Amino acid sequence: MAIRDRSGTVYVCVDLEASGPVPGLYNMVSVGGVEVRLQGDRHVRGDTFYFEIAPEFDGFDPHAQSIHGLTEAHLRENGKPARDVMQAISDWVAAHVGPGERPLFVGHNAPFDWMFVCWYYAWAGLKNPFGYNALDTKALMMGRHGLPWKQCNKERLLELYPALEAPPPEKVHDALADAEFQADILIALLDG
């Protein structure tokens with residue numbers, strides 16, 4: 001059964017990489033997002049954003065750094081200031097959400113990604129365009145397929161939806177590539 005929300009929801013699939021497990025002590029180092037909206041009877045991917053972020057905090061967990069490969073030196077040299085990134089995301093959302101529409105933050109394990117984004121908005125003194133709402137595709141998968149939580153992972157999704165394509169190994173933990181994959185996951189769960 002397909003899920004058709006015709007209330008004007010614009011899904012924004014967001015993925016980020018961080019220098020550790022919590023905001024404030026650790027940094028959001030990159031963030032990517034993809035617009036997903038209902039077009040006719042199917043959901044489709046739309047525009048994207050991607051930013052690398054200059055560090056604001058001292059925390060750099062070696063394990064976290066090994067996952068995404070963005071070094072502190074690279075981020076200090078090439079990253080944008082965090083406040084500017086948060087404003088740029090707000091501007092992107094405003095440009096992609098029309099009158100009568102509402103953005104909805106979507107993530108695969110949304111609590112982690114939403115926690116960083118929400119915290120950074122509060123820290124920057126900016127209004128969070130997503131508010132307090134977020135949709136977790138792991139929870140959506142659990143409800144949609146009646147699976148236990150431990151089976152609600154990307155590997156199981158690839159089994160359930162053979163048309164899904166995971167990013168190539170060199171793009172795993174690239175915030176934009178992961179956000180695009182999460183957009184495809186959302187579309188599969190909504191339209192499947």
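Return the single residue from Ala88, Ala54, Ala179 with maximal mean-square fluctuation; model: Gaussian network over the chain, springs between Cα atoms under 10 Å.
Taking springs between Cα atoms under 10 Å, the residue moving most is Ala88.
Charges on Cβ only, +1 for Lys and Arg, -1 for Asp and Glu, centred on the Cα centroid of the chain; of Ala73, Gly24, Trp114, which one is farthest towards the dipole's positive end?
Trp114
Holding the Cα-Cα limit at 29 Å, pick out from Lys80/Lys150; Lys127/Lys171; Lys127/Lys150; Lys80/Lys127 the pairs that are longer than that.
Lys80/Lys150; Lys127/Lys171; Lys127/Lys150
Relative contact order of the chain, please, whole-number percent, based on alpha carbon pairs below 8 angstrom and at least 6 residues apart.
It comes to 28 percent, rounded to a whole number.
Applying 1/(1 + (r/R0)^6) with R0 = 30 Å to the Cβ-Cβ distance of Glu170 and Arg6, what FRET efficiency is obtained, to the nearest 0.05?
0.20
Scan the range 39-136 for GluC sites (Glu not before Pro) in coil per DSSP, keeping those whose Cβ has at most 13 other Cβ atoms within 10 Å, and list them by number.
Glu101
What whole-number value in cubic angstrom gives the convex hull volume per residue for the C-alpha atoms of the chain?
118 Å³
Arranged by the count of other C-beta atoms within 10 angstrom, fewest first, what order do Glu17, Glu165 take?
Least crowded to most crowded, the residues run Glu165, Glu17.
Return one number: the angle in degrees, 0 to 90 and rounded to the nearest 10, between the long axis of the Cα atoms of helix 82-96 and the longest principal axis of the Cα atoms of the chain.
30 degrees
What trypsin sites (Lys or Arg not before Pro) does the range 116-188 have in DSSP loop regions with at most 14 other beta carbons within 10 Å?
Passing both the DSSP loop test and the Cβ count: Lys127.
I need the chymotrypsin sites (Phe, Trp or Tyr not before Pro) found in the range 103-192, filtered to DSSP loop residues with at most 13 other beta carbons within 10 Å of theirs.
The qualifying sites are Tyr132.
Give me the angle, in degrees from 0 to 90, between the Cα long axis of helix 175-191 and the longest principal axis of the Cα atoms of the chain, rounded to the nearest 10.
The answer is roughly 20 degrees.
Report ³J(HN,Hα) in whole Hz for each residue of the range 123-138, in order, from the Karplus equation J = 6.51 cos²θ - 1.76 cosθ + 1.60 where θ = phi - 60°; Gly and Pro get x.
Rounded to whole hertz, the list is 4, 6, x, 10, 6, 6, x, 8, x, 9, 9, 8, 10, 9, 5, 5.
Each value in this text was obtained by applying a stated rule to the coordinates, not by laboratory testing. Small disclaimer: the values here were computed from a predicted structure and weren't measured. As a convention, Cβ positions derive from the backbone with ideal geometry for all residues, glycine included, and neighbour counts pool all protein chains shown.
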